[in-house]
Amino acid sequence: MIRDDIKTALVTAMKAGEKDKVGTLRLAQAAIKNRDIELRTATTQPDDDAMVTEVLQKMIKQRRESADLYRKGGREDRAEVEEAEIAVIEDFLPAQLSDEEASAAIREIIAETGAESMKDMGRVMAAVKARLGTAIEPARASALVKAALAG
């Protein structure tokens, strides 16, 4: 389980004295714990690895946005810190589809759903999420679907 891998990596990083990695892993554990608390009242419980992957993908998205804002503000040093955190978090995500694999899968889904224009974006994205799940980041999937429907 991804949760156990994070815990093991945290212990290893603490023993090795890697303060930046320890901080990032603790943030990840805190985000996962917060999600656990949110789900206590849910009627259905998602698969643990899927939930953890979703939390990690959200953390990566937040850090990418922060890095972009720091760069626009001329704070390259802070942008590099955010990117270092992204690298640590990405180590725990399942393997992502390549651009070619993702594009092929999305074209197949578009053909199956009969989508023809941007009006069908929501239906296609729902099918992409159901079929590809954590194998592709939602933002990347959205961009590929838009490109496929536009062109």
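How much of the accessible area of the chain, probe 1.4 Å, is carbon plus sulfur, in whole percent? Write out the running numbers ahead of the final one.
On the way: 4920 of 9330 Å².
Within the chain, the accessible surface is 53 percent carbon and sulfur.
Relative to the longest principal axis of the Cα atoms of the chain, the long axis of helix 138-150 makes an angle of roughly 20 degrees.
Subtract the Cα-Cα distance of Arg78 and Thr12 from 0.36 nm times their separation in residues, and report this length gain in nm to one decimal. Before the final figure, lay out each step's value.
Details: separation 66, 0.36 × 66 = 23.76 nm, distance 2.53 nm.
So the chain would gain 21.2 nm between Arg78 and Thr12.
Pairs from the list Lys15/Lys58; Lys19/Lys72; Lys7/Lys61; Lys21/Lys129; Lys7/Lys33 with a Cα-Cα gap above 24 Å: Lys15/Lys58; Lys19/Lys72; Lys21/Lys129.
If you place +1 on the Cβ of every Lys and Arg, -1 on the Cβ of every Asp and Glu, and leave all else neutral, what size is the dipole of the chain about its Cα centre, to the nearest 20 Debye? Mind dumping the intermediate values first?
Numbers: 24 positive and 28 negative charges, 110 e Å.
So the magnitude is around 520 debye.
Model label sites at Glu116 and Leu69, defined 7 Å from Cα along the beta-carbon direction, differ in position by 4.2 nm.
Near Asp120, once Lys and Arg are set to +1 and Asp and Glu to -1 for all other residues with Cβ below 13 Å from its Cβ, the sum equals +1. Relative contact order, whole percent, for the stretch 29-109 stands at 25, derived from Cα pairs under 8 Å and 6 or more residues apart.
Per residue, the average separation of C-alpha pairs within less than 8 Å and at least 6 apart gives the chain a relative contact order of 21 percent. Between Ala104 and Ala126, the modelled labels are 2.8 nm apart [label points 7 Å from Cα along Cα→Cβ].
The residue among Gly114, Ile37, Ala13 whose Cα reaches farthest toward the positive pole of the charge dipole of the chain, with charges on the beta-carbon of Lys, Arg, Asp and Glu, is Ile37. With each label modelled as a point 7 angstrom along the Cα→C-beta vector, the Lys61-Phe92 pair spans 1.8 nm. With angles folded into 0 to 90 degrees, how steeply does helix 99-113 sit against the dominant principal axis of the chain? Use alpha carbons for both and round to 10. Approximately 40 degrees, to the nearest ten.
The values are calculated or read from the model by the stated rules, or taken from the named source; none is laboratory data. Predicted, not measured: the structure shown is a model, and the values here were computed from it. Don't worry about glycine lacking a Cβ; one is built from the backbone with ideal geometry, like all the others, and counts go over all protein chains shown. The accessibility values were calculated without ligands, DNA or RNA, using every heavy atom of the protein model including side chains. Shrake-Rupley method; radii C 1.70, N 1.55, O 1.52, S 1.80 Å.
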